[in-house]
Amino acid sequence: MDKFLNKINIKGKKYYFYDLSSLKNIKKLPFSYRIFIENLIRNGEVEKAEEILERKEVSFNFRVSRILLQDFTGIPLIADLAALRDYLKRIGKDPEKVNPSIKSHLVVDHSVIVDYFGTTYAYQENVKKEYERNEERYILLKWARENFKNFEVVPPGAGIVHQVNLEYLAEVVSQKKEKGKNILFPDTLLGTDSHTPMVNGLGVLGWGVGGIEAEGVMLGLAYNMKLPKVLGIVLEGKLPPFSTATDLVLTITEILRSKNYPSWIVEFSGEGLSNLSVQDRATISNMAPEYGVLASLFPIDENTIKYLEETGRKKELIERVKIYTKENFLFFDGKNLPEYTETLKIDLSKVKTSISGPKSPHQRNSINEIKEKTLSFIGKKIEEGDNLKDGSVVISAITSCTNTSNPTLMIMAGLLSKKAVEKGLSPKPWVKTSFAPGSKVVTQYLEKAGLLPYMEGLKFHIVGYGCTTCIGNSGPLPAWVEKEIKEKNLITFAVLSGNRNFEGRINPYVKGSFLASPPLVIAFALAGTVLIDLEKEPLGKDPNGKEVFLKDIWPSKEEVERVKKEVLDVKDFKKTYSQIFEGDENWKKLKIVKGKTFLWNEKSTYLKMPPFFEERNLSEPVFKARILAILGDNVTTDHISPAGAIPSDYPAGKY
């Protein structure tokens, strides 16, 4: 193993790394395979590395450098570790021996619900309710943060896990001290959320796994996996003026779902790569589970370095990324394309403005097709008049790290809002509007650009810094809207800038949901219906009766780039993330009982100590365990256990 160890100097400091240069044909391998090989050599499994070099079908141990958790899936893991500490204490051992064995972060982003919207106080009231509902869970997390080594918590209200990972936590190239040497190696991770591959847009390899798998890795087990096949997507050209990264990812989702690449890794290359910023790439990588692959890796290149600089990463980190990746064949120069299992070409110039739905992310439609598709879905005659009816949009949400991590898309939404307000347009009264950025940096640059007041003028006030509508936390519709939907049996819709629109996910009172870019989300709020051809029909009329079309308020790419140059500031990233672990006053007020073990509330109906370490459970083997469910294609957790509310008059509610 030591024969691979080499050294480099970075700014006068000596580093060591496991050098791949002696390996035959390393330049022809996909970048993901190079990462696997380095990982195996560094961990003493050279023979397995050689099998991957020869592209054999092999199972191997992948030892990631960190674990990423969100609160819904992460809190059960922390409860398990707390219970394990209790068990060690009971048998007379030191409970402090229980800690994550590798760096682990938990970001609280799944708990905020859009109870309040359309007002300046919406954010404060939603946060207040969030703490009322989740105080017990947050006390556990605060205790864990103060007691576990290798564990950090990003408190509620700071952002969405994948955006925080992209903008701050991800290092691209990590280092650790080993036997007196500073060792450099690729940053890799597993997350307990399916959209963990968003960080693949930064060249960091990782994906989502189940809670049990993540817990095992946290406790020191290797993640055993089969070598995935790799689909190379070769990008050509650049996006047309009216198209966005959202349109591109919806197009990719449609294409790959039709071809079926289960558990493959997708890698992007080609001359079109240079035309996509890291934020564009992250939007695309985020939806890897929607297009049915394990991960969606963009190689490290000059745009990666630029993004690290723009988001305020330390100079030492940026230098080691530059030098190490070029030295160890992990940097893409735009020329030498790897040899993939299969290759697919996509011409960016042919991507159309898109909206996907009403029930699956791969049901892509061009905006001139959506009216006819929706009429067919509704399947009945639509009444006349400008009122709440079949086809109405009742939820319009700018949500999800998929799109709010992308300044181009957010500034487009702000500029479109400005033009709409200036034309005298406003959302229809039955539309529940909301805006939930994945990072506070978004708020800062929109405020600096003077665009946030215009978004608020269209009732897109900030409702929280979390997943909200994207995971089904859309909250209740206005009472009169729910009443009319029930009484008239209306088929209504949501339009959101999220990544999933499966049946039952967004809100129980909508029959279908559509995924779209943030500016399109606002456009549909203004129209109040999805029964519209946005290329030919007006969004509405100004106060003087003049028709206003989407093209009249759609911002040009030149406008967007000008605003980006004026308002994006590395200081905002540095300031925001220097305070990321502090939490607000609600977090600071949480009282925890100090001690090596957690003080469980015996009367709680919300959070109890897991029973796995009771004596009877440790001694009794399990025989003839039953299969709980055998499911068909495209059945998700949303169909089994909806993320959002369960109304009292629904079958589950009645039960």
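The values are calculated or read from the model by the stated rules, or taken from the named source; none is laboratory data. Remember, it's a predicted structure, so these values are computed and weren't measured experimentally. Cβ atoms come from the backbone with ideal geometry, glycine included; neighbour counts cover every protein chain shown. Just so you know, the surface numbers come from the protein's heavy atoms only, side chains and all, with ligands and any DNA or RNA stripped out. Shrake-Rupley method; radii C 1.70, N 1.55, O 1.52, S 1.80 Å.
Quickly run through region 309-327 and pick out the residues that are assigned to a loop (DSSP other than H, G, I, E, B) and basic (Lys, Arg).
Passing the criteria: ARG313, LYS314.
Taking region 475-519, which residues are more than 23 Å from ALA413 (Cα to Cα) and either under 18 Å from the mean Cα position of the chain (by Cα) or of a type in the set (D, E, K, R) (or both)?
Scanning region 475-519 gives GLU482, LYS483, GLU484, LYS486, GLU487, LYS488, PHE502, GLU503, ARG505, LYS511.
Counting only residues that are out of contact with any His (no Cβ under 9 Å at 6 or more places or on another chain) and either open to solvent by 50 Å² or more (accessible area, probe 1.4 Å) or of a type in the set (Asp, Glu) (or both), how many does region 60-86 have?
The qualifying residues number 4.
Given the structure, is VAL495 open to solvent by less than 20 Å² (accessible area, probe 1.4 Å) and out of contact with any helix residue (DSSP H, G or I) (no Cβ under 9 Å at 6 or more places or on another chain)?
Against the criterion (open to solvent by less than 20 Å² (accessible area, probe 1.4 Å) and out of contact with any helix residue (DSSP H, G or I) (no Cβ under 9 Å at 6 or more places or on another chain)), VAL495 does not qualify.
Looking only at region 328-368, filter to residues that are among the β-branched types (Val, Ile, Thr) and in a strand (DSSP E or B); which one of those is most open to solvent (accessible area, probe 1.4 Å)?
Here the residue is THR343.
Scan region 332-341 and tell me whether some residue there is touching a helix residue (DSSP H, G or I) at 6+ places or on another chain (Cβ under 8 Å) and modelled with pLDDT under 95.
Yes, the conditions are met somewhere in region 332-341.
Residues of region 425-460 being closer than 17 Å to THR119 by Cβ, touching a residue at least 40 places away in the same chain (Cβ under 8 Å) and open to solvent by 20 Å² or more (accessible area, probe 1.4 Å), which ones?
Listed by number, the residues that qualify are SER426, PRO427, TYR454, GLU456, GLY457, LYS459.
Answer yes or no as to whether ILE160 is crowded, with 21+ Cβ neighbours inside 10 Å and farther than 26 Å from ASN43 by Cβ.
Yes: the conditions hold for ILE160.
Residue by residue, here is whether (1) more than 24 Å from LEU81 (Cβ to Cβ); (2) of a type in the set (D, E, K, R) holds:
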residue: PHE117; (1), (2): yes, no
residue: LYS128; (1), (2): yes, yes
residue: TYR138; (1), (2): no, no
residue: LEU141; (1), (2): no, no
residue: VAL154; (1), (2): no, no
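Kindly indicate the residue of region 487-538 that is at pLDDT below 95 and of a type in the set (A, V, I, L, M, F, W, C) and also farthest from ILE252 (Cα to Cα) among those meeting that condition.
Within region 487-538, the match that is farthest from ILE252 (Cα to Cα) is ILE506.
Residue check: is LEU141 modelled with pLDDT of 95 or more, in a strand (DSSP E or B) and open to solvent by less than 10 Å² (accessible area, probe 1.4 Å)?
No: the conditions fail for LEU141.
Within the bounds of region 376-389, is there any residue that is in a helix (DSSP H, G or I), touching a strand residue (DSSP E or B) at 6+ places or on another chain (Cβ under 6 Å), free of Cβ contacts under 8 Å to residues at least 40 places away in the same chain and closer than 30 Å to VAL635 by Cα?
no
Do you know which residues across region 421-443 are among the hydrophobic types (A, V, I, L, M, F, W, C), over 23 Å from the mean Cα position of the chain (by Cα) and assigned to a helix (DSSP H, G or I)?
Result: VAL421, single match.
Grab the helices (runs of 4 or more DSSP H) fully contained in region 543-655, keeping just those with 3 or more residues being modelled with pLDDT of 90 or more.
550-553, 557-567, 570-578, 585-589
Open to solvent by 20 Å² or more (accessible area, probe 1.4 Å) and closer than 19 Å to LEU409 by Cα, is that true of PRO240?
Criteria met by PRO240.
Would you check which residues across region 109-136 are crowded, with 23+ Cβ neighbours inside 10 Å and touching a Phe, Trp or Tyr at 6+ places or on another chain (Cβ under 7 Å) and list them?
HIS110, ASN126
Kindly list the number of the only condition in (1) farther than 30 Å from TRP480 by Cα; (2) open to solvent by less than 10 Å² (accessible area, probe 1.4 Å) that fails for SER392.
The single condition SER392 does not satisfy is (1).
Cβ-Cβ under 6 Å, sequence separation 6+ or interchain: first residue in region 466-489 and touching a residue at least 60 places away in the same chain (Cβ under 8 Å) and assigned to a helix (DSSP H, G or I), partner polar (S, T, N, Q) and crowded, with 21+ Cβ neighbours inside 10 Å. Which pairs?
Between residues of region 466-489 that are touching a residue at least 60 places away in the same chain (Cβ under 8 Å) and assigned to a helix (DSSP H, G or I) and residues that are polar (S, T, N, Q) and crowded, with 21+ Cβ neighbours inside 10 Å, the close pairs are THR468/THR399; THR469/THR399; CYS470/THR399; CYS470/SER400; ILE485/THR492.
Given (1) open to solvent by less than 80 Å² (accessible area, probe 1.4 Å); (2) out of contact with any helix residue (DSSP H, G or I) (no Cβ under 9 Å at 6 or more places or on another chain); (3) not β-branched (Val, Ile, Thr), where does GLU54 come up short, assuming only one miss?
Of everything listed in (1) open to solvent by less than 80 Å² (accessible area, probe 1.4 Å); (2) out of contact with any helix residue (DSSP H, G or I) (no Cβ under 9 Å at 6 or more places or on another chain); (3) not β-branched (Val, Ile, Thr), GLU54 misses just condition (1).
Check VAL521, VAL510, VAL563 and return the single one that is crowded, with 21+ Cβ neighbours inside 10 Å and touching a Phe, Trp or Tyr at 6+ places or on another chain (Cβ under 6 Å).
VAL510
For region 320-333, check the following and say yes or no: at least one residue is in contact (Cβ under 8 Å) with a residue 60 or more places away in the chain and at positive phi.
yes
Tally time: how many residues in region 98-138 are of a type outside the set (Gly, Ala, Ser) and part of a helix (DSSP H, G or I)?
Summing the residues that are of a type outside the set (Gly, Ala, Ser) and part of a helix (DSSP H, G or I) in region 98-138 gives 16.
When you scan region 411-420, do you find a residue that is open to solvent by 60 Å² or more (accessible area, probe 1.4 Å) and either in a helix (DSSP H, G or I) or in contact with a strand residue (DSSP E or B) (Cβ under 7 Å, 6 or more places away or on another chain) (or both), even just one?
Looking for residues that are open to solvent by 60 Å² or more (accessible area, probe 1.4 Å) and either in a helix (DSSP H, G or I) or in contact with a strand residue (DSSP E or B) (Cβ under 7 Å, 6 or more places away or on another chain) (or both), one finds at least one in region 411-420, hence yes.
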